[in-house]
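The values are calculated or read from the model by the stated rules, or taken from the named source; none is laboratory data. Keep in mind that this is a model prediction, so the values were computed, not measured. All Cβ positions, glycine included, derive from the backbone under ideal geometry; neighbour counts span all protein chains shown. With ligands, DNA and RNA removed, areas are computed over all heavy atoms of the protein, side chains included. Shrake-Rupley method; radii C 1.70, N 1.55, O 1.52, S 1.80 Å.
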Amino acid sequence: SLEQAQSENLTLYKRTTTTPPLRLAVHIIRSSSGSGGISEADLQEKIEYLNYYMGQAYFEFYEYTRDYIDSDYFFTINNEQKIIQLLQVNSKNACINVYFVPNFSGYNGVARFSPRLNNTGIHGIIVRNGAPVSTLPHEMGHFFDLFHTHETYFNPTGIFENIARTGSCANWDY
């Protein structure tokens, strides 16, 4: 009812069932000598936190497959070209491809949006090994087409923002 919607009780909108677990294709980038990859403990911690944070929306993830990419070229990601190239290496269909890199200049992570919004067809997530545990859930949100609240996007009818600047939903001012 309208009264329920205006009550600001967010539990009214909470799903009550869990989405079937989603597959992660984990790609661990190391140097050509096989060193420098994310540790097993750090990898498991990042996946655990992903499930903790995304579990609030009833999403669950599991490692479906893992491979190692031993490449000095991809050991440090420092430009858009390398991002695009890496997201095409060993990409698995029917999985969310997540690449863990030792060095990522200026970023903790990046996501190429789901294929629904990405006209290039290249999609996936890259996370720096030493990034905070909140980075993977943050980038997963982008993978599922969520923007930052301060971002704008364009469509044929105009420019839209993802933020309410007025009213009871306002969370940001100039």
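Put a dot 7 Å past each Cα toward the Cβ at Ala94 and Thr19; how far apart are the dots in nm?
With each label point 7 Å from Cα toward Cβ, the separation is 1.8 nm.
Amide H of Gly124: which non-local residues (sequence gap of 5 or more, or other chain) have their own amide H closer than 5 Å, using H built in the peptide plane?
Those qualifying (amide H under 5 Å, at least 5 residues apart or on another chain) are Arg112.
Specify the inter-centroid distance of region 52-121 and region 17-40, based on alpha-carbon positions, in whole Å.
Going from one Cα centre to the other spans 9 Å.
Ignoring everything but the protein chains, give the 1.4 Å probe accessible area of Met54 in square angstrom, nearest 10.
30 Å²
Gain in length, Glu80 to Leu146, computed as 0.36 nm per residue apart minus the alpha-carbon separation, to one decimal in nm?
Contour length minus the Cα-Cα distance gives 21.7 nm.
Quick one: order His27, His123, His138 from most to least accessible surface, probe 1.4 Å.
Result, largest first: His138, His123, His27.
Starting from the amide H of Ile69, placed 1.01 Å from N in the peptide plane, find each other amide H under 5 Å away whose residue is 5 or more places distant or on another chain.
Under 5 Å from the amide H of Ile69: Ile28, Ile29, Arg30.
From largest accessible area down, sort Thr65, Thr120; use a 1.4 Å probe on the protein chains.
Reading off the accessible areas and sorting them downward yields Thr120, Thr65.
Please compute the per residue accessible area over region 17-143 with all protein chains in place, 1.4 Å probe, rounded to a whole number of Å².
Ligands and nucleic acids excluded, the result is 48 Å² per residue.
For region 125-130, just list the computed ³J(HN,Hα) in residue order, Karplus coefficients 6.51, -1.76 and 1.60, θ = phi - 60°, integers in Hz, with x standing in for Gly and Pro.
Computed from phi, the couplings for region 125-130 are 10, 10, 10, 6, 3, x Hz.
Please arrange Val98, Val110 by accessible surface area, largest first, computed with a 1.4 Å probe and ligands excluded.
Val110, Val98
Looking at region 70-142, send over the antiparallel percent of its DSSP beta bridges, to the nearest 5.
Roughly 40 percent of the DSSP beta bridges within region 70-142 come out antiparallel.
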